[in-house]
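First comes the structure, then the notes that go with it.
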Amino acid sequence: MTSFRTTKIVAGMLLVSALVGNSLTNVQAEDVDPKGSDDVAAVSAQQPVETSSVDTTVTVEKEVVIKNKKKSARKTRETIVETLPGEKLTIKQVMAILKTTRDLSGKNLSGLKLIGINLAKCNLKGIDLSHANLERADLGESELERADLSGANLKMSNLQLSGMTGANIERAILDGAIWKDGMVCSAGSVGRCREFPAPSIGK
């Protein structure tokens with residue numbers, strides 16, 4: 001009798017253990033939702049990508065803005081230098097202007113070494129070329145109205161068809177220059193184009 005009761009108790013305990021074990025297994029299985037876990041994984045995978053994309057965009061935009069500001073500042077400085085009235089330009093600045101425009105009106109190029117420079121068909125109204133070296137320079141068909149060419153070296157330069165109304169050529173050396181009417185200036189042409197050789201001293 002005692003043995004039967006003991007067996008019955010043990011069987012009951014085993015049944016309870018089995019039921020409790022199944023319940024725990026179900027609970028654990030429900031807690032880990034494969035579908036939900038995929039969603040969480042997807043979200044966590046997406047977040048770094050989105051953050052990285054935003055950060056990259058911001059960095060690129062900042063770099064572009066900085067570069068644009070530098071370019072604008074550079075252009076502003078160049079424009080100010082070129083347009084300052086009376087400021088003497090360098091040869092580098094002159095060549096830079098000639099690449100974009102043929103307008104050097106009112107500019108100060110005094111004393112510059114401009115041998116063989118091409119200033120043909122340029123607007124040179126009011127330009128200061130005093131004491132500049134313009135030997136073999138091409139000034140053909142250029143507008144030299146009120147230009148200052150005093151003391152300039154214009155040996156063998158081309159002035160054909162140029163407009164020289166009011167131009168100052170005092171003490172300008174014109175030996176071998178092609179004058180505006182096509183005549184070649186003879187040796188000793190200083191301050192004006194001589195058609196014939198200058199008379200020898202003492203004769």
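What follows is calculated from the coordinates using simple rules that are stated; it is not laboratory data. Because the structure is predicted, anything quoted here is derived from the model rather than measured. All Cβ positions, glycine included, derive from the backbone under ideal geometry; neighbour counts span all protein chains shown.
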Over the stretch 115-130, the set of residues on the phi < 0 side of the Ramachandran plot, surrounded by fewer than 17 Cβ atoms within 10 Å (Cβ to Cβ) and assigned to a loop (DSSP other than H, G, I, E, B) is I115, A120
Within the stretch 131-189, residues being over 34 Å from the mean Cα position of the chain (by Cα), under 16 Å from N118 (Cβ atoms) and assigned to a strand (DSSP E or B) number 2
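Of the residues that make up the stretch 120-135, is at least one among the aliphatic types (A, V, I, L, M) and touching a residue at least 24 places away in the same chain (Cβ under 8 Å)? Working first, answer last.
Filtering the stretch 120-135 down to residues among the aliphatic types (A, V, I, L, M) leaves 120, 124, 127, 129, 132, 134.
Still in the running and touching a residue at least 24 places away in the same chain (Cβ under 8 Å): 120.
Among the residues of the stretch 120-135, at least one is among the aliphatic types (A, V, I, L, M) and touching a residue at least 24 places away in the same chain (Cβ under 8 Å), which makes the answer yes.
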Restricting the stretch 90-114 to residues that are assigned to a loop (DSSP other than H, G, I, E, B) and not small (G, A, S), the one surrounded by the most Cβ atoms within 10 Å (Cβ to Cβ) turns out to be L109
